[in-house]
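The values are calculated or read from the model by the stated rules, or taken from the named source; none is laboratory data. Quick caveat: nothing in here was measured; it's all calculated off a predicted structure. Neighbour counts are summed over all protein chains in view; Cβ atoms, including those assigned to glycine, are modelled from backbone coordinates with ideal geometry.
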Amino acid sequence: MIRPTDTARSPRTSTLPRTSARPPADTGYRSTRSELPRMGQLAVDITNQGQIIDLRRTPDAHARLPHGRADGRYRCLACGHRLILQRPSSTNSRFTPRFRHHTPASGADRCPAPAQHRADIQADLTTMLALHDQLLRVVPQTALSLRIDPDLTGQRWEIPPALIVRRGEQIVVLERPRRLLTPETVAHRITTTRTEHGTKAAHWWVFDRDDPLHCDPAGTINVRPYDQTITHTKVRPTPAQRQLATAGATVCWLAGDTLLIPYGGHQRTYTTHPGEDWSGDMASWKRDWTISHPRPADGATWWGLVPQPLLALGKRPDFRPATAHTTMSALQRAEQGRERHRRRRAREHAQLSIQATAEQLPIPVDAVAISESTEVPARPASLPHATATVSSLPSLPARRPRQRPSAPARRRGFLWAAFLPRRWRL
Ligand SMILES: [Zn+2]
């Protein structure tokens, strides 16, 4: 008689590496997971493209799958050895279905994989099963499954098993890496995913916002996509994240129940158009940034992150983050408006420069007739320095020059304002 509850216990929590998938408590994370996954309830089904059988999350699995050795179709995730599916002998039995290593010797069921390797595998599975449970709340009527390349069974894999979401004809493949990614690893996973699921399958790479390996914060940026200024987090993408974006994959970060979708931020300097003067106070306004979206393009110096509730993914079968993309389009419109505004100010600046020069020339006879003053009023200090020094700030409404001519000039009726464009006259 096999006692199913004793021999295949999972490693203790304390054996998990420091990069365990357990999220910090302050992220608002909620999970239906009550305990770490028990390896005895998980197996790779090599006759079903490496799908991972989870006896706990699919209670009917043990009833519909062949029990026993089943021609070696069940493999241990940690050691790769063949497993035996054991199930209750009757409906009244209290026996908990489980997988057991196929060993000739009777007695305790022991996995020969090193303890650290088993703990690492279990930490990966914990991460993926947590994402599985989160998505199941978002898309409850959807088929979710974990899948791994059967050839990797029992080996140390670089990327945890992928989470496959099927909604009708649409397939979304989600990865959640924990270790550093090499270009070769990323390229291989992209290629195998396209081979297996087709090029129409959406490929998402979900990084943990609190994972220092995969999230390099780079401050914040104030943006104004609509009528209100909001703050976006900026990150420096890793080479792997740039590689993924270039390859057409969707990169995002997960923070509790919020996804952070990136756009690209590129530094730019306006080229000078005829009639513009970007000197002096306008110089800092010549520098700005431009957005690339819906995916960050090559050359982006930083990525801005648009938050979107995970729940919003359930609204579209293809998981397209439409809410975040709409915000990015609004940011692009704001950028265009910002450039129009700044160029207008640069033209006005040029006009003021011309007038200042003209005021130093000999005063025409008709001007002398209305004023004998030789006082030259200071050039209106109209340029809004505060916003110019923060290139990320949205455009502000153009302000008229408020400085009036000196009192003697007003007393003598000097109409210096006559030199200004009509709409600037006070
Ligand atoms: Zn094993």
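The table below lists the values:
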item: Lone qualifier among Arg242, Arg167, Arg209, Arg224 - being surrounded by 14 or more Cβ atoms within 10 Å (Cβ to Cβ), charged (D, E, K, R) and under 27 Å from Asn48 (Cα atoms); result: Arg167
item: Options Arg147, Arg100, Arg137, Arg110: the member that is more than 27 Å from Leu163 (Cβ to Cβ) and of a type in the set (D, E, K, R); result: Arg110
item: Given (1) more than 30 Å from Thr258 (Cβ to Cβ); (2) away from the ligand (no atom under 14 Å from the Cβ); (3) touching a residue at least 12 places away in the same chain (Cβ under 8 Å), number of the condition Val44 does not satisfy; result: (2)
item: Thr231 being of a type outside the set (A, V, I, L, M, F, W, C), part of a strand (DSSP E or B) and without any contact (Cβ under 8 Å) to a residue 40 or more places away in the chain; result: yes
item: Answer from Ala123, Ala119, Ala130 - the residue that is closer than 30 Å to Leu310 by Cβ, part of a helix (DSSP H, G or I) and within 15 Å of the ligand (Cβ to nearest atom); result: Ala119
item: Of all residues making up the stretch 173-184, the number that are surrounded by 16 or more Cβ atoms within 10 Å (Cβ to Cβ) and modelled with pLDDT of 95 or more; result: 6
item: Thr91 being part of a loop (DSSP other than H, G, I, E, B), over 23 Å from Thr192 (Cα atoms), within 12 Å of the ligand (Cβ to nearest atom) and among the β-branched types (Val, Ile, Thr); result: no
item: Selected residue (only one of Thr195, Thr185 is in contact (Cβ under 8 Å) with a residue 24 or more places away in the chain and either farther than 28 Å from Arg137 by Cβ or in a strand (DSSP E or B) (or both)); result: Thr185
item: Criterion: at pLDDT 90 or above, basic (Lys, Arg) and within 23 Å of the chain's Cα centre (by Cα) - qualifying residue of Arg118, Arg166, Arg147, Arg100; result: Arg166
item: Counted residues, the stretch 255-301 - those being acidic (Asp, Glu) and part of a strand (DSSP E or B); result: 1
item: Checklist (1) in contact with a strand residue (DSSP E or B) (Cβ under 9 Å, 6 or more places away or on another chain); (2) modelled with pLDDT under 95; (3) of a type outside the set (A, V, I, L, M, F, W, C) applied to Pro262, failing item; result: (2)
item: Qualifying residue in the stretch 62-85 (condition: on the phi > 0 side of the Ramachandran plot, in a loop (DSSP other than H, G, I, E, B) and away from the ligand (no atom under 13 Å from the Cβ)); result: no
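Conditions tested, residue by residue: (1) among the polar types (S, T, N, Q); (2) buried (at least 18 other Cβ atoms within 10 Å of the Cβ); (3) touching a Lys or Arg at 6+ places or on another chain (Cβ under 8 Å); (4) free of Cβ contacts under 8 Å to residues at least 12 places away in the same chain.
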site	(1), (2), (3), (4)
Gln51	yes, yes, yes, no
His67	no, no, yes, no
Tyr74	no, yes, yes, no
Arg82	no, yes, yes, no
Arg94	no, no, no, yes
Arg118	no, yes, no, no
